Every structure is written in structure tokens, then in C-alpha cells.
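Asker: First, the structure itself, so that you have it in front of you.
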Amino acid sequence: ASANIGVVGLAVMGSNLARNLASREGNTVAVFNRSPERTRTLTSEHPEAGFVASEGYDDFVASLAKPRTAIIMVQAGKGTDAVISELVARFEPGDIIVDGGNANFHDTIRREGEIAPTGIHFVGTGISGGEEGALNGPSIMPGGSAESYETLGPILASIAAIAEGEPCVTHVGTDGAGHFVKMVHNGIEYADMQLIAEAYDLIRQGTGKSPAEIADIFAEWNTGELESYLIEITAEVLRQTDASTGRPLVDVILDEAGAKGTGAWTVQNALDLGVPTSGIAEAVFARSLSSKRAQREAASDLPGPAQAWTVADGDADAFIEDVRLALYASKIIAYSQGFDEIIAGAEQYGWDVKKGDIAKIWRAGCIIRARFLNRIADAYADDPALVALVVAPYFRDAVAGAQEAWRRVVAIAAQSGIPTPAFSSSLAYYDGLRAQRLPAALIQGQRDFFGAHTYKRIDKEGVFHTLWSGDHSEIETTPSSH
Ligand code: 6PG
């Protein structure tokens with residue numbers, strides 16, 4: 001028993017995480033993979049890592065010092081359950097099983113509940129940053145018991161990305177909290193990506209600039225308040241030329257966006273929790289729409305605006321600045337909605353999630369890392385009970401400064417037939433939130449008409465119903481459960 005940490009599952013993420021662990025002072029890393037060839041490749045390619053390799057579960061478990069700690073890095077789903085049961089059969093009370101895959105947090109809650117009686121700790125943890133992050137420093141979102149974090153915390157801190165001197169890891173909360181927060185991270189990632197894609201599309205169609213020219217615009221944006229990993233890589237993708245055709249790579253990539261499901265989970269759970277994460281939802285649906293090839297073909301000759309639109313000569317810079325502001329405002333809405341979901345999830349599942357700490361661990365390592373996460377951390381530090389990010393002073397000012405531009409962009413998109421679901425729905429959300437009076441009053445009236453669902457009044461306490469099929473007089477009633 002010589003290793004203080006083990007990794008099961010040596011595909012790219014697992015291999016890179018194992019190498020990251022091995023590169024840190026004080027760690028000896030045990031590795032195991034179902035097919036031993038992969039283990040052999042890893043150990044022979046990386047002798048410097050000093051891996052303790054095993055070709056069976058018994059040897060792997062025997063190679064771990066107590067309390068044994070093993071991180072599972074296999075594709076989320078059934079494979080995870082299989083590995084867990086092998087480990088549970090061999091681990092002892094006090095040992096720690098970590099699931100570092102993109103598991104559904106409901107599965108994590110179930111697994112933790114099943115394993116807890118054995119005295120073994122089960123820790124579902126979000127790990128973000130892709131292959132590069134796993135190797136050089138990811139953002140890590142562990143759930144599980146506070147006790148397990150005493151052992152696990154320092155190990156994870158040793159491999160996490162560093163933001164302003166602090167490792168990007170925190171104990172998010174018990175059982176499924178880590179995977180829940182990782183899920184919302186991915187939902188925000190979807191929204192961020194969709195917003196960037198809409199900005200690109202508007203600039204391209206509006207100004208006729210080439211992808212390489214738009215790459216320069218994104219690179220420029222990346223020096224300001226939009227600075228983020230996703231903006232940075234967008235510039236690189238747009239600058240890429242396809243070797244075989246000589247065309248911009250973005251023009252030869254099939255325009256059907258894939259999805260592995262975490263974005264959809266974010267929206268499903270938002271619906272369950274009653275949280276309007278409309279920006280994230282539009283991003284998920286935009287990917288779905290892109291993949292509906294037959295429908296898109298059938299609809300491709302439906303009419304659009306009579307006049308083709310381009311920005312007038314000399315107005316391009318102003319338009320591009322409008323798009324930048326619209327992107328920034330919409331991004332603030334997406335994060336505000338994402339944090340709303342975290343708050344609602346924490347309340348529903350009994351997790352003590354520190355919003356400011358989540359913002360801090362997302363500042364580096366993860367896919368949504370961005371300069372403005374500092375602002376989110378500040379906002380929650382200033383007011384831990386903040387009801388919505390968008391009303392925090394910094395964000396309020398940012399949106400106030402952007403909203404006229406945002407409206408111009410959404411209007412022009414609608415007039416010219418350029419789909420901007422995330423820009424548009426974020427603006428509608430913003431206007432809905434700030435409205436003094438919503439037409440929800442009419443909906444209550446309709447519900448009361450057809451189903452006697454009752455309504456409340458603005459001028460007195462109580463629950464009321466109008467006798468719609470009678471004399472239209474109002475009666476006071478007890479609340480309807482319909
Ligand atoms: C991360 C990413 C990572 C992965 C997603 C992509 O945080 O490192 O979010 O988890 O790239 O699974 O999701 P889609 O395949 O659904 O776009």
C-alpha cells in the first residue's frame with residue numbers, strides 16, 4: 001500500500017488527471033483501467049509520473065494507503081455503477097470513492113445514500129476544464145460529507161487551477177451538491193457559447209466581415225470586460241483555415257451542434273424548481289434545432305424579410321459595439337439565472353452552498369472562466385442574501401449601460417431574420433423582471449374563468465372568484481388546489 005490516491009478509468013480525462021496528481025509533491029498515484037493496454041500505454045509514456053499500476057481491482061485496492069481514496073473517471077452512467085460496486089466490495093469504512101465524471105446529481109444522491117451505510121464516503125465531484133484542465137489544473141466542485149473533504153480537500157487543492165492565489169476547489173455541499181453545481185456550470189457554458197455564436201452570426205451577416213476579421217474582434221473583446229476562455233477560443237476557431245479546402249474552418253464544419261445532456265439536465269431541473277433559466281433553455285433548444293436536418297431542409301424556402309439587411313457603410317464599428325454590449329448584458333442574465341438555480345437547488349436539497357465561493361472556484365480552470373466572475377464573487381460578498389445577481393450594483397450599472405444597444409441588436413435581428421434566441425429571450429427576461437405590472441393578472445383572470453382557480457387582489461387580503469357563469473359578481477373563497 002504505497003499510493004495516497006488512485007484513479008480508475010484512464011481515457012484522456014482520467015489519464016490527464018492522474019498525471020496532474022502525480023506531478024504534485026507528496027502524491028503517489030495508483031492507476032487502473034478495465035482494459036490493461038491503456039494502463040500500460042500510460043505508464044510507459046509517462047515513466048516520470050511513477051504510477052503504481054494494477055491490472056485488477058484487488059491489486060489496485062491493495063496499492064492504496066488508508067484511508068483509501070480513489071477517483072473514478074469513467075463515462076457517466078452504468079459504467080460508473082459497475083466501478084463503484086467493485087470498489088465498495090473491497091473498501092472499508094472511512095475510505096473515499098470519488099466520482100469525477102459528469103454524473104446526474106440525482107444519481108449521485110442515490111449512490112451516496114446507498115453507500116453511506118457501509119461507512120465508505122461517496123463523493124460526487126464536478127471537474128471542469130476539459131483535457132487541458134485535467135492535466136494542468138481544473139476547477140473542482142466536490143460534494144459528499146464534510147468529513148471526507150478533510151482528506152480529499154488537500155489532494156484536490158494540490159491539482160486545482162489557481163485563481164489569485166487560491167485553489168479553485170471548495171466543498172460545495174453534501175451528497176449531490178457538487179454534481180448539481182457542475183451541471184449548472186455546464187448550463188451556463190451552453191448559454192455563453194450560444195450568445196457568442198449569435199454575436200458572430202450578427203456581425204458576419206450584418207457587416208460581411210470574414211471569420212478571420214471577426215476573430216480579431218473577439219480577440220479585442222477579450223482584452224475588456226468580456227475577457228474569458230470561451231471568447232479567447234472563439235477567436236482561435238474563427239481564425240482557423242481548413243487545410244484541404246483553404247476555406248475558413250467554421251465554413252466547412254457541419255452546422256449541427258451536439259450535446260451530451262448536461263445542458264438539458266440544467267433546464268429540466270430548472271423547470272422542476274420553477275426557476276426561469278430562459279437563456280440556458282434557449283441555448284439547449286438552439287442546439288436541438290440545429291440538428292433537425294429534415295425540418296430545416298423542409299423549411300428552408302419559408303419566406304424571410306423582403307429586404308436583405310446589411311449595416312450601412314461607416315456604421316459597422318457602432319454596430320459591433322452594440323453587439324458587444326448585447327452579449328455582455330445577455331451573459332449577465334445567463335449567470336444571474338444560473339445562480340438562481342443554484343440557490344433554488346440548495347434550498348430544495350438542503351445544501352449550504354456558498355454562492356461567492358462558487359464564483360471564486362469558477363475564476364480559473366473551468367470552461368466558463370471569465371474575468372467577471374470576480375464581480376459575481378464581490379456581489380455575494382457584499383450581500384450574501386442578494387435576491388438576483390442582475391440587481392447587484394455592478395451588474396445593474398452594466399446592464400443599464402448596455403440596454404439601449406441590446407434593444408437595437410434584438411430589433412435588427414428580428415427585422416432581418418437572423419435568429420438570436422438567447423439575446424432575445426434574455427432581453428425579454430430582463431424586461432419581465434423589471435416590469436411594474438405583468439399580464440400575469442390576465443392569466444389569473446383566464447384561469448379563474450375556466451377553472452375557478454381563484455385570484456388575489458392588489459387592494460385587499462384574501463382569495464377571490466368571479467361568478468363567470470352567473471351574475472359576474474365576486475365572492476371571497478378558500479384557495480383552490482387546482
Ligand atoms: C467542462 C465541460 C465538459 C464537457 C461537456 C461538454 O466543464 O470541462 O463542460 O464537462 O466538455 O460535457 O458538453 P456537451 O458535449 O454537452 O457540449
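Asker: On the basis of being assigned to a helix (DSSP H, G or I) and exposed (fewer than 11 other Cβ atoms within 10 Å of the Cβ), does F423 make the cut?
Answerer: Working: assigned to a helix (DSSP H, G or I): yes; exposed (fewer than 11 other Cβ atoms within 10 Å of the Cβ): no.
So F423 fails the test.
Asker: Are any of the residues in segment 451-470 open to solvent by less than 80 Å² (accessible area, probe 1.4 Å) and in a helix (DSSP H, G or I)?
Answerer: yes
Asker: Can you name the number of the only condition in (1) in contact with a Pro (Cβ under 8 Å, 6 or more places away or on another chain); (2) open to solvent by 10 Å² or more (accessible area, probe 1.4 Å) that I367 fails?
Answerer: Only one criterion is unmet by I367, namely (1).
Asker: Restricting attention to segment 254-305, which residues are within 15 Å of the ligand (Cβ to nearest atom) and small (G, A, S)?
Answerer: Hits for segment 254-305 are A257, G258, A259, G261, G263, A264, A281, A283, A286, S288, S290, S291.
Asker: Would you be able to say whether some residue in segment 14-24 is open to solvent by 50 Å² or more (accessible area, probe 1.4 Å) and either without any contact (Cβ under 8 Å) to a residue 60 or more places away in the chain or not in a helix (DSSP H, G or I) (or both)?
Answerer: Yes.
Asker: Can I ask one more? Which of the residues that make up segment 174-201 are among the hydrophobic types (A, V, I, L, M, F, W, C), farther than 16 Å from A344 by Cβ, under 14 Å from the mean Cα position of the chain (by Cα) and within 14 Å of the ligand (Cβ to nearest atom)?
Answerer: A191, M193
Asker: A further question on this structure: Suppose we filter R68, R38 for residues that are open to solvent by 70 Å² or more (accessible area, probe 1.4 Å) and under 33 Å from the mean Cα position of the chain (by Cα); which single one remains?
Answerer: Going through R68, R38 in turn, the sole match is R38.
Asker: Turning to a different aspect of this structure: Is at least one residue of segment 315-329 in a loop (DSSP other than H, G, I, E, B) and free of Cβ contacts under 8 Å to residues at least 60 places away in the same chain?
Answerer: Scanning segment 315-329 turns up at least one residue that is in a loop (DSSP other than H, G, I, E, B) and free of Cβ contacts under 8 Å to residues at least 60 places away in the same chain.
Asker: Condition first: buried (at least 21 other Cβ atoms within 10 Å of the Cβ), within 16 Å of the ligand (Cβ to nearest atom), assigned to a helix (DSSP H, G or I) and not aliphatic (A, V, I, L, M). Now tell me which residues in segment 100-152 satisfy that.
Answerer: Of everything in segment 100-152, those that are buried (at least 21 other Cβ atoms within 10 Å of the Cβ), within 16 Å of the ligand (Cβ to nearest atom), assigned to a helix (DSSP H, G or I) and not aliphatic (A, V, I, L, M) turn out to be F105, T108, G133.
Asker: Sort out which residues of segment 400-420 are part of a helix (DSSP H, G or I), open to solvent by less than 50 Å² (accessible area, probe 1.4 Å) and not small (G, A, S), and write them in order of number.
Answerer: Within segment 400-420, Q403, W406, V409, V410, I412 qualify.
Table: residues versus (1) touching a residue at least 12 places away in the same chain (Cβ under 8 Å); (2) open to solvent by less than 20 Å² (accessible area, probe 1.4 Å); (3) in a helix (DSSP H, G or I).
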{"position": "I214", "(1), (2), (3)": "yes, yes, yes"}
{"position": "L226", "(1), (2), (3)": "yes, yes, no"}
{"position": "G246", "(1), (2), (3)": "no, no, no"}
{"position": "V250", "(1), (2), (3)": "yes, no, yes"}
{"position": "A259", "(1), (2), (3)": "yes, no, no"}
{"position": "T266", "(1), (2), (3)": "yes, yes, yes"}
{"position": "F285", "(1), (2), (3)": "yes, no, yes"}
{"position": "L289", "(1), (2), (3)": "no, no, yes"}
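Asker: Next question. Would you point out which residue out of V237, V184 is closer than 30 Å to H106 by Cα and in a helix (DSSP H, G or I)?
Answerer: Working: V237 fails: closer than 30 Å to H106 by Cα.
Checking each option against the conditions leaves just V184.
Asker: Can I ask one more? In the list E132, E166, E112, which residue meets the criterion of being over 22 Å from A49 (Cα atoms) and out of contact with any Phe, Trp or Tyr (no Cβ under 8 Å at 6 or more places or on another chain)?
Answerer: E166
Asker: Here is a follow-up. Filter segment 106-164 down to residues that are closer than 23 Å to E189 by Cα and in contact with a His (Cβ under 7 Å, 6 or more places away or on another chain), then give me how many there are.
Answerer: Qualifying residue count, segment 106-164: 6.
The values are calculated or read from the model by the stated rules, or taken from the named source; none is laboratory data. The shown structure was predicted, so the numbers you read here are calculated from the model rather than taken from an experiment. For neighbour counting, all protein chains shown are included, and Cβ atoms are generated from backbone atoms with ideal geometry for every residue, glycine included. We work out accessible area using only protein heavy atoms, side chains counted, and drop any ligands, DNA or RNA first. Shrake-Rupley method; radii C 1.70, N 1.55, O 1.52, S 1.80 Å.
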